[in-house]
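Everything below concerns the one structure shown next.
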Amino acid sequence: MKALPLLVPLALLAAVTPVVTAAAEPAGPSRVEGYVVDRPGPGRFPLVAKGKAATLVVSPQDHAGVVRVVGDLRDDVERVTGVKPALAHDVPRGDAVLIGTIGKSPLIDDLVRRGKLDVSGVAGKWETSLQQVVADPLPGVRRALVIAGSDQRGTIYGAYDVSREIGVSPWHFWDDVVPRHRDELHVLPGRHSQGTPAVKYRGFFINDENPQLGRWAPKFFGPGKAPGYPGGFNAQFYAEVFETMLRLKANYLWPAVWGRAFAEDDPLNHRTAKEYGVVMGTSHEAPMMRGIEEWNRHAQPDVGDPYGGNGNWSFRRNADAIKQYWADGIKRMREEDFEGVVTLGMRGNGDVSLPDGDGIELMQEILASQREILARESGKQLTDIPQVQTLYKEVQRYWDKGLRPPDDVTVVFCDDNWGNMRKFPDRSLEPRSGGYGLYYHFDYVGVGRNYKWVDTNLLPNVWDQLNQSYSYGIDRLWVVNVGDLKNNELPLQFFLDYAWNPQRWPLEKLGEWEKRYAAQNFGAASAAGIAEVLREYAKLQSDRKPELLNRRISGEGTTVVYDDQATPFSLTDYREIDRVTEQWQRLAEKSERIKRTIPRALQDAYYQLVHYQVKASANLYALRRAEFTNLLYVAQGRASANDLADETDARFAEDQAMSDYYNNTLAGGKWKDFQTQPKIGYGDVARYGPNAPWQQPELNNEALPDEVFPAVKRIELPAVAELGVGVDGSDQWWPHAGSTPVLPTFSPHQSQPGQYVDVFNRGSVPFQYRAESGAPWLKVSRPKGTVDKQVRLDVEVDWRRAPRGETTVPITITGAGREVVVNAMVDNRPVKAKGFVEANGYVSVEASHYSRAVGGDGVRWQVIPDLGRTGAGVEPFPVTAPSREPNGPRLEYEMTLTTSGPVRVWAHLSPRNPVLSGPGLRYAVSFDDQAPQVVDIIAATGADDTSMNNQWARNTSDNVNRTVTEHVLTKAGTHTLKFWMVDPTVVVQKLVVDTGGLKQSYFGPPESRRVH
């Protein structure tokens, strides 16, 4: 545990700072293509050589955060090499590392004055650093590594950049990443700099931290200082948070809120932030540097209410008390002299809308009062105080109605809590001196359902939204909700890297970033494999968040029907639930293979950063498949239903075992009670009440199989043999259903998985069966045998022998004294095929598999890998292109239809919001030379995020917005489907033409066969 970062003499600091011994493992994290190497050479600076480390020198006159960070750099060098550098105020003889801030450090200023250090391009910049080897910098010093910063954080970032270069991961505390041992460290000659950040304030919000962080932190960090406070979120805790922030080049924090009060829970919290050099803020619901918990603790009648009000968080009814409360927050900021960004505006108590309504006049009065308090209490000019108004949820309506805060206030636009931005500034507006910011989510509590267990963020989606935001001028302040911080390491690090330099990470370099992230934590040798696992993991998680695996949402347009006792994946069509579950199982196996190659010292880190989330998610998918297949099989009376109930219990036990290992064994028990986030029992209204459909179950899934909701069932099997038959594409069973079962139509052009027949037992006595095909060219696997519980028969057509035309072939199944005839419909009509070919009543096309991408007027089409649920997404670029009539840029898809007449075209689109000031979010679609049909995506589906309505909840939960158009084709044959650009920021994932055979499924049918 980190000691409090108090300002103490360096000799004492050296005595009390803990030492972490580097592990003697053969592989570990290392900086790729960096400026620190393992061998000496011409002009290289020996940071550590021949068992001796260069002395680290810092002036005591420098900023507190700079003096403190030198201790971390000293510890990092020892972590890597086992050699501890000396710390000094005075320059020693020999080689030295000189660390300081331009204009604050006499050491650095003397080098500049004597022409030994050129700080052009650094001095006067925001948070910019320079690392440079300097020859003969001072009398008695032959060589020096100079780490110079333009300001306090510039120097801090420079020191931590050296730490990362030598192989210390920013996640060394939060994920137990042990650096690879290196005997020597040498800095290459030249000027090394991270540059100046593109976004001025960059940080995150620790929010919704219960139960995981809220249970773990009090045990690990101990009590706070406030009477009755359970502890955990104290200065020791925030010291670890601040250090990680600065290692990631963040500078801005919204502290934890639910039941927490940063300023009160430990009086050292603000002081610690100041000593680390971190900028403090407060969330969208906490104005004037006061967390809402402070109001809840003090401004109530039963606790004395020092503000003379009635505890009512209402500006209309309790304005004097609230204004005094706000004034005390600004006084505290002035007295404690910490750096901060002040939140303006007001929301209701408890992350809700104001009880006083959303009248513009009221908000104008609130803003004016806050500005008056700031001017009076801060001791500064208003324009010298960074301020924000965050347009979160209902607050955006003020902006939409024309309310504009003062020009020096940063306006923060928000996503819809599901990673889709809601609004961008109109580019025709005059620039604001306060600029624009964004608030984004990697973790959320609310409708359609909480997601806060593991990382479910897709890097290409994050990139797309950040790229759009930056392109529209949002560059003053970026903050992201990371929940517990732990479990969102990868997306958070990317968020901050991108905020620092968007040009460094264009779309085509996301793979490079992922490999660098993996190498940083696990070494170059395994980086490519780990990066691929993490990429595939994110892709699968983005398809459906794990908390939503027991909710099916159906209906079309504005009609939405929720079922919290059903799987979203089809149990009967396209083998959907099997395909997605098997993808997860293969990924878990791949992660397991890599795990066996990871050095022992990094096993704990690999479990936390990779393996747990992959394996536990794969296990959860297997649990849900067993659970919902069990419920189907129980309805059919299958003997195998009980085996699936047993598998569900086993998978639940595996989930609990992984949590137990995480909580009690991992890293020697360091993460006691951290892995306690429920993720299985959502939706059980009978147990958890009216908020159950979206709110987490408060019970903790502790070794209780009935926590699986809905609960599996078991059946009593009669002591007989009884034939049952099920077929692909149906949830019925025969002979009970009565009518003749029919398999999905066979076609030589089909791409969906092959058809099957299940022969099952409804009793406990095995029986012999026989399956006879009515044609020699229709093959049935396992045509005879014994049914104990169930046998699956695969049915295939030998197309070399099948007759032309449409044929019905019976398959006669006998067993246990019963007979069932299954009809196989075979469509072998001759087709002159070109492009994607109709089969099974549809044509399904991945958006990125176009025949032609037509640009024009500066617009091109950009393929964004993995952004689609079943493939890539395609978006018109640049994202700032103006809206237009559908007469230019388009995607064309050649396809061959075997039918004519009316068809429906389903466009699967990313669930974006209308971020621009135009009429909506639109695209157009047409066939051949027909006139394009323009579709307003939001109007067509009613998915208005301003009210967070049911259709919006469906689209974000499903990660797709499906819209439909109807067309009439006068003839069969080859056609060209055209998808036209109308508005920018529309992302198309998939197009499905329904010619009459489309079945209900989550992903839609597999992509059709394509003839080139």
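The values are calculated or read from the model by the stated rules, or taken from the named source; none is laboratory data. Values in this document were obtained by computation on a predicted structure and should not be read as measured data. Here the Cβ is made from the backbone with ideal geometry for all residues, glycine too, and neighbour counts use every protein chain on show.
Spot the failing condition for residue 326; the list is (1) over 16 Å from residue 373 (Cβ atoms); (2) in a helix (DSSP H, G or I), and only one is missed.
It is condition (1) that residue 326 fails.
With the structure loaded, tell me whether residue 939 is surrounded by fewer than 19 Cβ atoms within 10 Å (Cβ to Cβ), touching a residue at least 12 places away in the same chain (Cβ under 8 Å) and in contact with a Pro (Cβ under 6 Å, 6 or more places away or on another chain) or whether it fails that test.
Spelling it out, it is not the case that residue 939 is surrounded by fewer than 19 Cβ atoms within 10 Å (Cβ to Cβ), touching a residue at least 12 places away in the same chain (Cβ under 8 Å) and in contact with a Pro (Cβ under 6 Å, 6 or more places away or on another chain).
Residues being over 23 Å from residue 476 (Cα atoms), part of a loop (DSSP other than H, G, I, E, B) and not hydroxyl-bearing (Ser, Thr, Tyr): count how many of those fall in the range 329-354.
The total comes to 4.
Check whether at least one residue in the range 658-665 is at pLDDT below 95 and not assigned by TED's automatic domain parsing to the domain that holds residue 456, and report yes or no.
no
Considering only the range 176-198, I want to know if a residue exists there that is assigned to a strand (DSSP E or B), hydroxyl-bearing (Ser, Thr, Tyr) and at pLDDT 95 or above.
no
Would you check if residue 801 is assigned to a loop (DSSP other than H, G, I, E, B) and either touching a Phe, Trp or Tyr at 6+ places or on another chain (Cβ under 6 Å) or surrounded by 13 or more Cβ atoms within 10 Å (Cβ to Cβ) (or both)?
Yes: the conditions hold for residue 801.
What residue, of 978, 990, is surrounded by 23 or more Cβ atoms within 10 Å (Cβ to Cβ), part of a strand (DSSP E or B) and either basic (Lys, Arg) or not assigned by TED's automatic domain parsing to the domain that holds residue 934 (or both)?
Numbers: 978 fails: surrounded by 23 or more Cβ atoms within 10 Å (Cβ to Cβ).
Only one candidate qualifies: 990.
Taking the residues in the range 757-784 that are part of a loop (DSSP other than H, G, I, E, B), under 25 Å from residue 629 (Cα atoms) and not charged (D, E, K, R) as candidates, determine which candidate is nearest to the chain's Cα centre (by Cα).
Ranking the qualifying residues of the range 757-784, first place goes to 781.
Determine whether residue 881 is assigned by TED's automatic domain parsing to the domain that holds residue 997, within 15 Å of residue 980 (Cα to Cα) and surrounded by 22 or more Cβ atoms within 10 Å (Cβ to Cβ). Explain how you work it out, then say what you get.
Values: assigned by TED's automatic domain parsing to the domain that holds residue 997: yes; within 15 Å of residue 980 (Cα to Cα): yes; surrounded by 22 or more Cβ atoms within 10 Å (Cβ to Cβ): no.
Taking the combined requirement at face value, the residue does not satisfy it.
Restricting attention to the range 817-873, which residues are under 30 Å from residue 763 (Cβ atoms) and either buried (at least 21 other Cβ atoms within 10 Å of the Cβ) or not small (Gly, Ala, Ser) (or both)?
Within the range 817-873, the first condition is being under 30 Å from residue 763 (Cβ atoms), and the residues that meet it are 817-824.
The answer is 818, 819, 820, 821, 822, 823, 824.
Can you give me the ranges of the strands (runs of 3 or more DSSP E) entirely in the range 357-459 with at least 1 residues that are in the same structural domain as residue 953 (by TED's automatic domain parsing), in contact with a Ser or Thr (Cβ under 7 Å, 6 or more places away or on another chain) and closer than 30 Å to residue 331 by Cα?
Strands (runs of 3 or more DSSP E) meeting the threshold: none at all.
Kindly check whether there is at least one residue in the range 911-920 that is of a type outside the set (Asp, Glu) and farther than 21 Å from residue 400 by Cβ.
no
If you take the residues of the range 82-101 that are under 38 Å from the mean Cα position of the chain (by Cα) and buried (at least 24 other Cβ atoms within 10 Å of the Cβ), which of them is farthest from residue 274 (Cα to Cα)?
Among them, the one singled out is 99.
What are the pairs, 6+ residues apart or on separate chains, where a residue within the range 92-115 that is farther than 17 Å from residue 158 by Cα has its Cβ under 6 Å from a residue that is charged (D, E, K, R) and surrounded by fewer than 24 Cβ atoms within 10 Å (Cβ to Cβ)?
Pairs that qualify, where the first residue is farther than 17 Å from residue 158 by Cα and the partner is charged (D, E, K, R) and surrounded by fewer than 24 Cβ atoms within 10 Å (Cβ to Cβ), are 95/143.
How do the helices (runs of 4 or more DSSP H) wholly within the range 204-320 filter down when requiring 3 or more residues that are at pLDDT 90 or above and under 28 Å from residue 170 (Cβ atoms): which remain?
Once the helices (runs of 4 or more DSSP H) in the range 204-320 are filtered for at least 3 residues that are at pLDDT 90 or above and under 28 Å from residue 170 (Cβ atoms), what remains is 212-221, 235-247, 262-265, 268-276.
Please work out which residue is nearest to residue 851 (Cα to Cα), limiting yourself to the range 967-1012 and to residues that are under 30 Å from the mean Cα position of the chain (by Cα) and acidic (Asp, Glu).
Among those that are under 30 Å from the mean Cα position of the chain (by Cα) and acidic (Asp, Glu), it is 1007.
Pick from the range 749-772 the residues that are closer than 20 Å to residue 826 by Cβ and surrounded by fewer than 17 Cβ atoms within 10 Å (Cβ to Cβ): which of them is modelled with the highest pLDDT?
Ranking the qualifying residues of the range 749-772, first place goes to 772.
Could you grab me the full set of residues in the range 956-1002 that are closer than 18 Å to residue 864 by Cβ and of a type in the set (A, V, I, L, M, F, W, C)?
960, 979, 981, 986, 987, 988, 991
Please enumerate the residues belonging to the range 255-297 that are under 25 Å from the mean Cα position of the chain (by Cα) and over 24 Å from residue 212 (Cβ atoms).
Matches in the range 255-297: 279 only.
Could you tell me which numbered condition residue 525 fails, if it satisfies all but one of (1) over 30 Å from residue 756 (Cβ atoms); (2) in a helix (DSSP H, G or I); (3) not hydroxyl-bearing (Ser, Thr, Tyr)?
(2)
If only one of 639, 601, 653, 618 is buried (at least 22 other Cβ atoms within 10 Å of the Cβ) and more than 21 Å from residue 759 (Cβ to Cβ), which one is it?
Checking each option against the conditions leaves just 618.
Within the range 524-544, can one find any residue that is in contact with a strand residue (DSSP E or B) (Cβ under 9 Å, 6 or more places away or on another chain) and in contact (Cβ under 8 Å) with a residue 60 or more places away in the chain?
no
Which of the residues belonging to the range 536-560 are modelled with pLDDT under 95 and farther than 18 Å from residue 1004 by Cα?
558, 559
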